[in-house]
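Below: one structure, written as structure tokens.
The values are calculated or read from the model by the stated rules, or taken from the named source; none is laboratory data. Here the structure is a predicted model, which means the values were calculated and not measured. Don't worry about glycine lacking a Cβ; one is built from the backbone with ideal geometry, like all the others, and counts go over all protein chains shown. These accessible areas exclude ligands, DNA and RNA; they are computed on the full protein's heavy atoms, side chains included. Shrake-Rupley method; radii C 1.70, N 1.55, O 1.52, S 1.80 Å.
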Amino acid sequence: MLQARGIRKSYGNLQILKGVDLDVNEAEIVTILGASGAGKSTLLHIIGTLDRPDQGSVLMNKTDLNSLSPKKLSAFRNENIGFIFQFHHLLPEFTAIENICIPAYIAKTRKNEAEKKAFELLDILGLRARANHKPNELSGGEQQRVAVARALINSPSIILADEPSGNLDSANAESLHRLFVELRENLRQTFVIVTHNENLAKLADRKVLMKDGLIINY
């Protein structure tokens, strides 16, 4: 469902990606590992349409992302791609349920439909009782689960995660990793995850190793 070919990206004279190819299947968990500076996050941002490659192509569900206008690309991203980052980026003035619904509102989903889906996700994630709490009233693990629900609200084709457990203690990190596997099994959710966490990498269907801007091992 995802096919990246010949991805190259430079910033000034610094070449970050040097011709990367990557395929991801539906309902697959793929982890991308490598030292800092290997190009992992840059590749994730290009796959997620947050940045454009200098050369190469990205196809998702047979749509050539490079061919879309900025407006169509933004709509495609909102409907098809969910993001989870190391820092949850929840809006502090909004409750958990409000934070989760934001991508649905951007997609012009009606409020009652968005909230119904958000509560369903909170049930799955064991957080329904925390729906009306603001981020500062939630633990780190709870905040990250809210971020996961926000990523899932539009039923995206793929979720891209950049060090999603990097800011969690070991118990919450392990819980989050198990959650990814459950979402893959129960919702057939596809994940591409940049991580340094070997325990998370072991749970993946496939590990991809990057070094010096290239994938050196599938």
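So if I take the centroid of the Cα atoms in region 8-30 and the same for region 133-159, what is the distance between those two points in Å?
That distance is 26 Å.
Under a point spin-label approximation (7 Å from Cα along Cα-to-Cβ), what is the residue 51-residue 87 distance to one decimal in nm?
Those two pseudo-labels are separated by 1.8 nm.
Pick out which of 190, 42, 109 has the largest mean-square fluctuation in a Gaussian network model of the chain, springs linking Cα atoms closer than 10 Å.
109
I'd like the orientation of helix 70-80 relative to the chain: the angle between its Cα long axis and the longest Cα principal axis, in ° from 0 to 90, rounded to 10.
The helix 70-80 is inclined about 60 degrees to the chain.
Would you mind telling me the antiparallel percentage of the DSSP bridges in the chain, rounded to 5?
The antiparallel fraction comes to roughly 50 percent.
Taking the chain as a Gaussian network, where each spring joins two C-alpha atoms under 10 Å apart, which residue of 191, 119, 94 fluctuates the most?
Checking each option, the largest mean-square fluctuation is seen for 94.
Can you show me the helix-derived [θ] at 222 nm for the chain, built from DSSP H runs with n ≥ 4 at -39,500 (n - 2.57) apiece and divided by the number of residues, rounded to the nearest 500.
So the calculated ellipticity at 222 nm is -11500 deg cm²/dmol.
Given +1 on the Cβ of Lys and Arg, -1 on the Cβ of Asp and Glu, and no further charges, what dipole in debye does region 76-145 carry about its Cα centre, rounded to the nearest 20?
With only Lys, Arg, Asp and Glu charged at Cβ, the dipole is about 140 debye.
Go through 60-71, 169-180 and give me the packing order, highest mean Cβ count within 10 Å leading.
Top of the packing list down: 169-180, 60-71.
For region 99-218, what is the Kirkwood hydrodynamic radius in Å, using each pair of distinct C-alpha atoms?
Taking every pair of different Cα atoms in region 99-218, averaging 1/r and inverting gives 15.4 Å.
At a 1.4 Å probe, what is the % contribution of carbon and sulfur to the accessible area of region 59-102?
Solvent-exposed carbon and sulfur of region 59-102 make up 60 percent of the total.
Take the Cα pairs of the chain, get the Kirkwood Rh, then feed it into Stokes-Einstein at 20 °C and 1.002 mPa s and tell me D in µm²/s.
121 µm²/s
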